[in-house]
Amino acid sequence: MSTAQSPRTDTRARIIDVALELFAEQGYEKTSLREIADRLGVTKAALYYHFKTKDDIVHGIVESMAAPIDEAIAWGEGRPWSPELRDELVRRFAAGMTERAPLLRFFHENQPSLRESAAGLKFKARMFAMIRLVHGPDASFQNRLRAAMALFSINTALFLLKQDQEGGPDPACAGHEPAATLAEATDAALEVALEIAGLIDPA
């Protein structure tokens, strides 16, 4: 069976990619639909066929790029909690977020605009669902915090990688060892995440 995308799906994917580029370059608020259409080389009417507003585009970004989180949640729900389940959830989350690093950069750089948007609230709900699965039932506040910090360490590693690659090291952190590649950052993030998650013991 062919896995080729339909022209409509391919166009939506191109719009999302270009929108992410522009949002990263100049911010969500300062990017217009006209600019997105111009960079794509299409008319504004053609863009409207797929997305009526910028919020629709953001929703498309979240739905397209958060799919691995949904898959991890679907895999974990209904399974009895165990250390093995906890660690596998962290691994799946790390793999999915690494593949979709632009989404994390987009949220980091546009948090004020997105915090209370429909897309932002939906992403937040996904994160809380992941956190609950990682810490298991009847968790103490400390274990809830450990679960959150384990997952957020993945996001933080990708944010630090971007800083090292694009902005250079912070002068206040001179002499630190940067993560040279996405693979190195991912390995380090997963190691730290599993260390933190390993402290969770509902029993």
**Request:** Would you be able to tell me the number of residues in region 94-145 that are over 12 Å from ILE69 (Cα atoms), in contact with a Pro (Cβ under 8 Å, 6 or more places away or on another chain) and hydrophobic (A, V, I, L, M, F, W, C)?
**Result:** 1
**Request:** Of the conditions (1) surrounded by fewer than 14 Cβ atoms within 10 Å (Cβ to Cβ); (2) within 20 Å of ILE73 (Cα to Cα); (3) modelled with pLDDT of 95 or more, PHE141 clears all except one; give me its number.
**Result:** (2)
**Request:** Hey, could you check region 123-165 for residues that are touching a Phe, Trp or Tyr at 6+ places or on another chain (Cβ under 7 Å) and not hydrophobic (A, V, I, L, M, F, W, C) and say which is nearest to GLY198 (Cα to Cα)?
**Result:** GLY136
**Prompt:** Hey, among GLU84, GLU71, which residue is in contact with a Gly (Cβ under 8 Å, 6 or more places away or on another chain), charged (D, E, K, R) and assigned by TED's automatic domain parsing to the domain that holds MET127?
**Reply:** GLU71
**Message:** Cβ contacts < 9 Å: first residue free of Cβ contacts under 8 Å to residues at least 12 places away in the same chain, restricted to region 54-70; second residue assigned to a helix (DSSP H, G or I) and of a type in the set (A, V, I, L, M), any location; separation 6+ or different chain. Result?
**Reply:** GLU63/ALA119
**Message:** For region 48-65, check the following and say yes or no: at least one residue is at pLDDT 90 or above, loosely packed, with under 15 Cβ neighbours inside 10 Å and β-branched (Val, Ile, Thr).
**Reply:** yes
**Message:** I'm checking my understanding of the structure. Among residues of region 108-122 that are touching a residue at least 12 places away in the same chain (Cβ under 8 Å) and either surrounded by fewer than 16 Cβ atoms within 10 Å (Cβ to Cβ) or touching a Phe, Trp or Tyr at 6+ places or on another chain (Cβ under 7 Å) (or both), which one is nearest to GLU25 (Cα to Cα)?
**Reply:** ASN110
**Complete:** Filtering region 12-33 down to residues that are surrounded by fewer than 17 Cβ atoms within 10 Å (Cβ to Cβ), closer than 15 Å to PHE51 by Cα and touching a residue at least 40 places away in the same chain (Cβ under 8 Å) yields ALA13
**Asked** Residues of region 74-96 being crowded, with 18+ Cβ neighbours inside 10 Å and farther than 15 Å from ALA197 by Cβ, which ones?
**Response** GLY96
**Request:** Need at least 3 residues that are within 27 Å of MET130 (Cα to Cα) per element, so show me which helices (runs of 4 or more DSSP H) inside region 1-101 make the cut, counting only ones lying wholly within it.
**Result:** 7-26, 54-65, 67-76, 83-99
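The values are calculated or read from the model by the stated rules, or taken from the named source; none is laboratory data. What you see is a predicted model; the values in this text were computed from it and never measured. Virtual Cβ from ideal backbone geometry, glycine too; neighbours counted across all protein chains shown.
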